[in-house]
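The values are calculated or read from the model by the stated rules, or taken from the named source; none is laboratory data. Because the structure is a prediction, the values reported are computed rather than measured. Cβ coordinates were reconstructed from backbone atoms using ideal geometry, including for glycine residues, and neighbour counts include every protein chain displayed. Note: accessible area is taken over every heavy atom of the protein model, side chains too, but ligands, DNA and RNA are not part of it. Shrake-Rupley method; radii C 1.70, N 1.55, O 1.52, S 1.80 Å.
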Amino acid sequence: TMEASEGFDFEAVDEDTEFATSDDSQQISENARFITVLSDFGELEKFVIEGDSLVLWVLENQRLDWNNSKNTLHAFYLLEKFLFELLSRNSYFAVVFFRTNDWKWSGAERLLRNLIILLLKQNLVGCASLCCVESPISSDWLGFLGKFQPAFISVYSPSKPDEKEAICKHISKFSHRVHLAGISILYLNEIQILDSSVRGFWVEARNQQDYSVLLASSKTDEGEGETCAQLSSIDVSDLGTIPFRSEDFQCGWRLKLVCHGCRSWIARAGCQNEKLSVAKILLLHCVLLERDVFSVSERCSFSGEISSTLWTSIVECVDAIGQLIGDAIHPALTSDTEDTVKEIPTKEVIDFLDGRLMAMIAAKINAMGSITLKEFGLAENLSTFFARDVGFLLQQFFDCF
């Protein structure tokens, strides 16, 4: 158990000091104490979970191995289990995402972040809510705090900050600011959810609450606003119309997005054989998910071995297309209009990617030299089952498989 240091003076910390200590393997502030939170402060105390901290907590969960699985279903299982356990203990909380943080993520991780926002927007009700505000130095964040009045804010301090430098700097600066504003902090690291309480590393607020401290901007914060403006100008017109209403996706929402993403990626990267092959693997993986060809238990049992070079190519494809899809759906996810997302099937959100299924498809191709849709019981004309534009696109891909 980590020992607490009682002599830390937050008032003496300057603006550029990192809140988390990089020398410590757990990346937890030196003066954190491991305590029982809900029992000490009452189960009806409201608190905030910083959204990007929640995403990092999922990605770095030892049970996930995200880099080698790209399995969104497993990621959402861990997320939902954690939030359900909090709610079952009468916790009252809000998950808050900052729009300016979107650009700090990339590839499939950015896609996962946006899918998490989508799922929470669809499903959080009652004692749990989702809030998307502009930035940690914005007036809407200040207004939310004034209305919600959280007893503490929960953050996650990553074990490998160098790998996600931009988002880790945000969490470090954010933690410093909220503590200066007189808000206590609970770390998601090593949090324990017991039968009747929640325990974790806790940093007690030393200052009187003053939310105006959060609006004090530094040169770094001002730069973030410019980067966010650049993000909003990204051209995603070649992705076509992104489906959000039920009548827009006669095929699955997931499959149509991936088709658009593949088409855009191939157009940008050029029709190279290697890129076309891995795009086919991703598309076929989505078709199999669409048709429920394999159960979850069957997918968990797949053990096809592929070379590290091929897996790297698949990951690069997933990251590139995930980035494109993330760019396309981000504006709708952070808007205040719920109608744009409420009809999207939750199943397709949480089961968006399965790296094990993609590896199995690649292994079959390696073993047989080629593969057809008949190998998976999909001999029918695809355009019969999917929207015309998607069906034709798939047929063009698979005719030359």
(request) With the condition kept exactly as written, say whether any residue in segment 330-348 is more than 21 Å from the chain's Cα centre (by Cα) and either modelled with pLDDT of 85 or more or under 18 Å from ALA108 (Cα atoms) (or both). (result) no
(request) Under 7 Å between Cβ atoms, at least 6 apart or on separate chains: pull out the pairs that start in segment 177-197 with a residue that is among the basic types (Lys, Arg) and end on any residue that is at pLDDT 90 or above. (result) ARG177/PRO136
(message) Could you go through segment 148-163 and let me know if any residue there is open to solvent by less than 10 Å² (accessible area, probe 1.4 Å), touching a Lys or Arg at 6+ places or on another chain (Cβ under 7 Å), closer than 20 Å to ASP102 by Cα and at pLDDT 75 or above.
(response) yes
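Do we find a residue being aliphatic (A, V, I, L, M), open to solvent by less than 50 Å² (accessible area, probe 1.4 Å) and over 13 Å from the mean Cα position of the chain (by Cα) anywhere in segment 122-129?
At the first step, the residues of segment 122-129 found to be aliphatic (A, V, I, L, M) are 124-125, 128.
Subsequent filtering for residues that are open to solvent by less than 50 Å² (accessible area, probe 1.4 Å) retains 124, 128.
Imposing the further condition that a residue be over 13 Å from the mean Cα position of the chain (by Cα) reduces the set to 124, 128.
Yes; the residues of segment 122-129 include at least one that is aliphatic (A, V, I, L, M), open to solvent by less than 50 Å² (accessible area, probe 1.4 Å) and over 13 Å from the mean Cα position of the chain (by Cα).
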(request) Return the residue satisfying two criteria in turn: it lies in segment 91-118 and is in contact with a His (Cβ under 7 Å, 6 or more places away or on another chain) and open to solvent by less than 10 Å² (accessible area, probe 1.4 Å), and of such residues it is nearest to ASP354 (Cα to Cα). (result) ASN114
(request) May I ask you to list the residues in segment 53-79 that are charged (D, E, K, R) and without any contact (Cβ under 8 Å) to a residue 40 or more places away in the chain? (result) ARG63, ASP65
(message) Restricting to segment 170-216, name every residue that is crowded, with 21+ Cβ neighbours inside 10 Å and part of a loop (DSSP other than H, G, I, E, B).
(response) ALA181, ILE183, ASN189
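Would you be able to say whether some residue in segment 4-13 is among the polar types (S, T, N, Q) and either under 28 Å from SER138 (Cβ atoms) or modelled with pLDDT of 80 or more (or both)? Explain how you work it out, then say what you get.
First, pick out the residues of segment 4-13 that are among the polar types (S, T, N, Q): 5.
Next, only the ones that are either under 28 Å from SER138 (Cβ atoms) or modelled with pLDDT of 80 or more (or both) stay: none.
Checking segment 4-13: not a single residue is among the polar types (S, T, N, Q) and either under 28 Å from SER138 (Cβ atoms) or modelled with pLDDT of 80 or more (or both).
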(request) For PHE144, indicate whether it is open to solvent by 30 Å² or more (accessible area, probe 1.4 Å), closer than 14 Å to PHE47 by Cβ and at pLDDT 85 or above. (result) yes
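Might you let me know whether segment 39-47 holds any residue that is modelled with pLDDT of 80 or more and of a type outside the set (Asp, Glu)? Spell out how you get there, then give the answer.
Our first condition is that a residue be modelled with pLDDT of 80 or more; within segment 39-47, this holds for 46-47.
From the residues that got through so far, the ones that are of a type outside the set (Asp, Glu) too are 46-47.
Yes.
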(message) Would you confirm whether or not segment 48-68 contains a residue that is over 30 Å from CYS300 (Cα atoms) and either modelled with pLDDT under 95 or over 13 Å from the mean Cα position of the chain (by Cα) (or both)?
(response) yes
